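The values are calculated or read from the model by the stated rules, or taken from the named source; none is laboratory data. Predicted model, so just to flag it, every value in this text is computed and none were measured. Every residue, glycine among them, receives a Cβ derived from its backbone with ideal geometry; neighbour counts consider all protein chains shown. Note: areas computed on protein heavy atoms with side chains; ligands, DNA, RNA excluded. Shrake-Rupley method; radii C 1.70, N 1.55, O 1.52, S 1.80 Å.
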Amino acid sequence: MFPESMVNQLRSSLRGPLLCPGNENYDAARTLPNAMIDRRPGAIARCAGVADVMACVRIAREHDLLVAVRGGGHSLPGKSVCDGGLVIDLGLMKGIRVDPVRRTVRAETGVKLGEFDRETQAFGLATTQGVVPTVGMAGLTLGGGWGQLHGKYGLAIDNVIGADVVMADGGMLTANRNENADLFWGIRGGSGNFGVVTSLEFRLHEVNGVFGGAVFYAPDKAKEVLKYWREFAAESPDELVTQGGSLHLPDVGPVFGIAPCYCGAVAAGEELLKPLRKFAPPVADLLGPMSYTQIQSMFEPFFPPGRYVYTKSNFMKELSDEAIDTMVEFVAKSPSPYTFAPFLEHWNGEATRVAPTDTAFPHRQHTWDFMAWSMWTNRADTEKNVQWTRECWGAMKPHLVAGSYGNYASDEGEETARAAYGINYDHLVELKNKYDPTNFFRLNHNIKPGTARQATGAA
Ligand SMILES: Cc1cc2nc3c(=O)[nH]c(=O)nc-3n(C[C@H](O)[C@H](O)[C@H](O)COP(=O)(O)OP(=O)(O)OC[C@H]3O[C@@H](n4cnc5c(N)ncnc54)[C@H](O)[C@@H]3O)c2cc1C
């Protein structure tokens, strides 16, 4: 519990509501979609605007409070809520303005992906965001941002052209190519390490419908599917993004699926994806033309809030025959029917042409991102699901590089963070020393100030 004087100071400094233990809505506001996380902050500031964020930072600094920053709340390790500290909750900051002439959008950082896509698609425009509409636009973007358009248009960060950031002293900086360019570099992959980003501006692209969906095969075909997919993906044009793996379909049972999205001309996409429907008999074929917002909501039913979630993920050295053999051993073996594992994302095209040091996100050279994404519904099943996830990932380890996409990591620690920032780690430490030398913003994939040394295992 915060002392009453501090609560009064916070409350009188904010335009948005402050929720403390015992207040109505406090429990809802401290709850993250991942049921593994159960923390009780001293207060949750539901910020109404930039001034509220600035006030929170100043007061938290004055009282030496631990601070968590919450956008969409989907942090897998639960970094957006803390025990005892102050949560700066941006969820009410939903301002978004599309400029259809310049083809840009400026969005406040409480915006979720579904909201973002809806506003930009109203103008026939879009930019890369992730594939589950309830995820926060900012948390996803600041870590990198992989999605259906990354092959053609790059990661979410590759489309960011500006940001407003409330810094550790409570002041605000604008970051873009010309102003505070080092900060602009750092927030594009450096997650929340440098401040609270209150709005982001993106470049937009014309996207008028896609061809995609999913094809599902029997699990015992997984080896054949993986080998075929490997060859097929190697020839992918930039417009085509694929992901897939082992999952359960309601009313069908275990399947091995590939979910493609082709963002070029619909007829070309249909032609291109024909072989996926033919090389092995699908148990279900949900491919077709659809709107961009339709394909962007396709995964939502698989990720309802309130499930227990534990993930392990790293980029792969290569999708070798040996790696495929190992993956196949785990297909349809998860103790939970809600799990996506083993699962792969194909990283291709524009996102992989950016140099590793051009943005703070370094992993541009890898083609396959491996993940074991476990979800279950009963707390009592936690141990067996976590253990299975670790076994699956452990068996794959010889085929994985040390580096991971930080946004997919449940387990953290200094070495994981170092490997996630890879070749950019030392540069990020320099920036941290400059912009947040006391590590005020530390509930994130943390870059500790003053500890620069060449990261190992980035390859
Ligand atoms: C169901 C699901 C689907 C996903 N799909 C994808 C996908 O398709 N592609 C992909 O790339 N990733 C995906 N992810 C990973 C996702 O990018 C991360 O979990 C991301 O951190 C979620 O952002 P959030 O705003 O929802 O989370 P939050 O928990 O609100 O934020 C996560 C962290 O980001 C930082 N942060 C958030 N907002 C700000 C801000 N405004 N200023 C400073 N720091 C901030 C904070 O450190 C915070 O702890 C998915 C995750 C889940 C759970």
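Quick rundown of the values:
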quantity	calculated
Conditions (1) within 18 Å of the chain's Cα centre (by Cα); (2) within 8 Å of the ligand (Cβ to nearest atom): number failed by Ser199	(2)
Matching entry among Val87, Val69, Val57, Val98 (being touching a Gly at 6+ places or on another chain (Cβ under 6 Å), surrounded by 19 or more Cβ atoms within 10 Å (Cβ to Cβ) and part of a strand (DSSP E or B))	Val69
Residue count for the stretch 398-415, restricted to those that are modelled with pLDDT of 90 or more, assigned to a helix (DSSP H, G or I) and under 22 Å from the mean Cα position of the chain (by Cα)	3
Selection status of Ala372, touching a strand residue (DSSP E or B) at 6+ places or on another chain (Cβ under 6 Å), at pLDDT 95 or above and either under 30 Å from Asn176 (Cβ atoms) or not in a helix (DSSP H, G or I) (or both)	yes
Listing of strands (runs of 3 or more DSSP E) fully contained in the stretch 249-359 that carry 1 or more residues being closer than 23 Å to Pro133 by Cα and within 16 Å of the ligand (Cβ to nearest atom)	253-262, 308-315, 340-346
Residue, nearest to Gly114 (Cα to Cα), within the stretch 247-304, restricted to residues that are of a type in the set (Lys, Arg) and modelled with pLDDT under 95	Arg277
Filter result for Ala218 (away from the ligand (no atom under 12 Å from the Cβ), free of Cβ contacts under 8 Å to residues at least 12 places away in the same chain and out of contact with any Leu (no Cβ under 9 Å at 6 or more places or on another chain))	no
Residues of the stretch 117-133 that turn out to be more than 9 Å from the ligand (Cβ to nearest atom) and open to solvent by 10 Å² or more (accessible area, probe 1.4 Å), as a count	7
Qualifying positions in the stretch 138-169 - within 8 Å of the ligand (Cβ to nearest atom) and more than 15 Å from the chain's Cα centre (by Cα)	Val165
Tally, over the stretch 93-114, of residues that are within 22 Å of the chain's Cα centre (by Cα) and in contact (Cβ under 8 Å) with a residue 24 or more places away in the chain	13
Long-range neighbours under 8 Å by Cβ, at least six apart or interchain, first residue acidic (Asp, Glu) within the stretch 226-250, second open to solvent by 60 Å² or more (accessible area, probe 1.4 Å)	Asp238/Lys152; Asp238/Glu350; Glu239/Lys152
Condition met for Arg307 (of a type in the set (Lys, Arg) and within 22 Å of the chain's Cα centre (by Cα))	yes
